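Asker: Structure in structure tokens, see below.
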Amino acid sequence: MKLTNTAVKAALKKPGRHADGGGLYLRVLPNGTAVWVYRYTRHGQQREMKVGRHPELSLAAARDRHLELRQQVVNDGADPARDKDQGAGVPTFGEAADAYLAAHEKSWRNPKHRYQWRHTLTEFCKKIRDTPVDKVDTAAVLSVLKPLWLTVPETASRLRGRIETVLDAARALGHIDENRANPARWRGHLNKLLPKRQRLTRGHLAAMPYADAPAFMAKLRDTPGSAAKALQFTILTAARTGETLGMQWGEVDLDAKVWVCPAERMKMGVEHHVPLSDAALDILRVQRATRRRRQPYVFPGSRDGRLLSNMAMMMTMRRLGASDYTVHGFRSAFRDWAADCSVDFEVAEQCLAHAVGNEVTRAYLRSTMLQRRRKVMADWATFLAGESAGATVVPFAQARTSGAARR
């Protein structure tokens, strides 16, 4: 179906590629800008070239230009994307990155993974996004990586790998000389130019002692904003960050007091039913009351249709003086609390959406224990509110001693 002027206006609110037919697309970038692109196949390889920017180039004008280019390809056997004299030239790094994402991100089932790729290649690569992809050299790559290399080493490391992948893809499409070495490669190149960073630590993420969680939650309840609400909800449900960030209204049943997180957003790839405490429901009702029209996400970012940043909750923790801990660490805090409250092992693990036992055990353990978990999550919410829960909580000093003995 071809685009109309009305459809173009609607498409500008939806980042991605919108087809007009015959290989002409309107590509809407996450920053709100839009370009007309022509995609075609030449010598068995997918090509893409920029036709012009919208709105400087109207729909009608883009079609006229596209028709000229298509005739060159079909009738003359030309390859306009590779002919700089035709005015298209080599795509910029930003265009190459967006093309790579468009080709691959639909195959990534984890929305957090998709968001991180797009966010890093958009926000952290601003310095080089307008640089022709074949002109991105070692100095350009270093200009992006150096500000992050020692401060956020894991992010910087992943960013380097993503830049390398985009440049490899651009070379495969013929935009970069196949004999030119990738300037973002690590071994034998950037590892000789960047300082050795601190080895990433693995294992348990820093968790706030559960005895300190009620005081932190009290401060959090007084903090405005979607990020603070998302963090409260994440703690109350013992959810993972990505599960909360991608949460949509269609997953929530307020009457049944259940949130059904789909399998594609779960670490174990299995649909997870989360019983919602009254405190969690209160947060959802506030979010629903302030929901923007047609906004699918429960905890949206500042712009319509965008996810809340995966760093938003962490930044909220830092502002509230909890920078020594991680969001994910609250799952550990919940697990310690559950153990010290004598919550059955299988029930606590189900609350965290962990796989219990081996395959044979899981085959027999088919119940989601929803009602038993509902009582546990209600007690957890009561504890976080600073009130006495139904379960017996061991004093924190004693809990630390018993926890050390368990380990």
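The values are calculated or read from the model by the stated rules, or taken from the named source; none is laboratory data. Because the structure is predicted, anything quoted here is derived from the model rather than measured. Counting neighbours? That spans all protein chains shown, and the Cβs are built from the backbone with ideal geometry, glycine included.
Asker: Return yes when Asp64 is assigned to a helix (DSSP H, G or I), surrounded by fewer than 16 Cβ atoms within 10 Å (Cβ to Cβ) and at pLDDT 85 or above and no when it is not.
Answerer: Here the answer is yes, as Asp64 does meet what is asked.
Asker: Kindly list, by first and then second residue, each pair from a residue in the range 331-347 that is in contact (Cβ under 8 Å) with a residue 60 or more places away in the chain to a residue that is buried (at least 19 other Cβ atoms within 10 Å of the Cβ) and of a type in the set (Ser, Thr, Tyr), limited to pairs with Cβ atoms under 6 Å and residues at least 6 apart or on different chains.
Answerer: Ala333/Tyr210; Asp336/Tyr210; Trp337/Tyr210
Residue-by-condition table, conditions (1) out of contact with any strand residue (DSSP E or B) (no Cβ under 8 Å at 6 or more places or on another chain); (2) more than 24 Å from Val28 (Cβ to Cβ):
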site	(1), (2)
Arg221	yes, yes
Leu254	yes, yes
Lys257	no, yes
Pro262	yes, yes
Arg285	yes, yes
Ala289	yes, yes
Ser302	yes, no
Met315	yes, yes
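Asker: Being in a helix (DSSP H, G or I), in contact (Cβ under 8 Å) with a residue 40 or more places away in the chain and over 15 Å from Leu231 (Cα atoms) is the requirement here; does Asp324 meet it?
Answerer: no
Asker: Another question, if that's okay. Please determine, by comparing only the residues of the range 206-241 that are charged (D, E, K, R), within 26 Å of the chain's Cα centre (by Cα) and assigned to a helix (DSSP H, G or I), which one is surrounded by the fewest Cβ atoms within 10 Å (Cβ to Cβ).
Answerer: Of all residues in the range 206-241, those charged (D, E, K, R) come to 212, 219, 221-222, 229, 240.
Next, only the ones that are within 26 Å of the chain's Cα centre (by Cα) stay: 221, 229, 240.
If we keep only those that are assigned to a helix (DSSP H, G or I) as well, we get 221, 229.
Numbers: Arg221: 15, Lys229: 24.
This residue is Arg221.
Asker: On to the next question. Hey, among the residues in the range 107-148 that are in contact with a helix residue (DSSP H, G or I) (Cβ under 7 Å, 6 or more places away or on another chain), part of a helix (DSSP H, G or I) and basic (Lys, Arg), which one's nearest to Leu190 (Cα to Cα)?
Answerer: Arg118
Asker: Considering every residue within the range 261-269, establish whether at least one is surrounded by fewer than 22 Cβ atoms within 10 Å (Cβ to Cβ), without any contact (Cβ under 8 Å) to a residue 24 or more places away in the chain and assigned to a helix (DSSP H, G or I).
Answerer: yes
Asker: Could I ask something else about it? Do we have any residue at all in the range 323-340 that's more than 26 Å from Ala211 (Cα to Cα) and either surrounded by 20 or more Cβ atoms within 10 Å (Cβ to Cβ) or out of contact with any Asp or Glu (no Cβ under 6 Å at 6 or more places or on another chain) (or both)?
Answerer: no
Asker: Residues of the range 149-186 being modelled with pLDDT under 90 and assigned to a loop (DSSP other than H, G, I, E, B), which ones?
Answerer: Correct list: Leu150, Thr151, Val152, Leu173, Gly174, His175, Ile176, Asp177, Glu178, Asn179, Arg180.
Asker: Could you please tell me which pairs satisfy a Cβ distance under 6 Å, a separation of 6+ or placement on different chains, a first residue in the range 52-65 that is closer than 18 Å to Arg39 by Cβ, and a second residue that is small (Gly, Ala, Ser)?
Answerer: If the second residue must be small (Gly, Ala, Ser), the pairs left are His54/Ala34.
Asker: Could I ask something else about it? Pull up the range 27-41, narrow it to residues that are free of Cβ contacts under 8 Å to residues at least 40 places away in the same chain and of a type in the set (S, T, N, Q), then point me to the one that is farthest from Gly301 (Cα to Cα).
Answerer: Step by step, filter the range 27-41, then rank; the result is Thr41.
Asker: Do you know which residues across the range 26-61 are more than 20 Å from Lys13 (Cβ to Cβ) and outside any strand (DSSP E or B)?
Answerer: Those that are more than 20 Å from Lys13 (Cβ to Cβ) and outside any strand (DSSP E or B): His43, Gly44, Ala60, Ala61.
Asker: Okay, moving on. Can you tell me which residues in the range 244-259 are under 19 Å from the mean Cα position of the chain (by Cα) and either part of a strand (DSSP E or B) or acidic (Asp, Glu) (or both)?
Answerer: Passing the criteria: Gln248, Glu251.
Asker: Taking the stated definitions as given, is Ala7 under 27 Å from Thr120 (Cβ atoms), assigned to a helix (DSSP H, G or I), at pLDDT 90 or above and small (Gly, Ala, Ser)?
Answerer: Spelling it out, it is not the case that Ala7 is under 27 Å from Thr120 (Cβ atoms), assigned to a helix (DSSP H, G or I), at pLDDT 90 or above and small (Gly, Ala, Ser).
Asker: Here is a further query. Say we look at the range 85-122 and pick out the residues that are at pLDDT 80 or above and of a type in the set (A, V, I, L, M); which of these is farthest from Tyr38 (Cα to Cα)?
Answerer: Residue satisfying both the conditions and the ranking: Leu121.
Asker: Could you list, in sequence order, the residues of the range 31-62 that are closer than 28 Å to Thr122 by Cα and among the charged types (D, E, K, R)?
Answerer: Residues satisfying the conditions are Arg39, Arg47, Glu48, Lys50, Arg53, Glu56.
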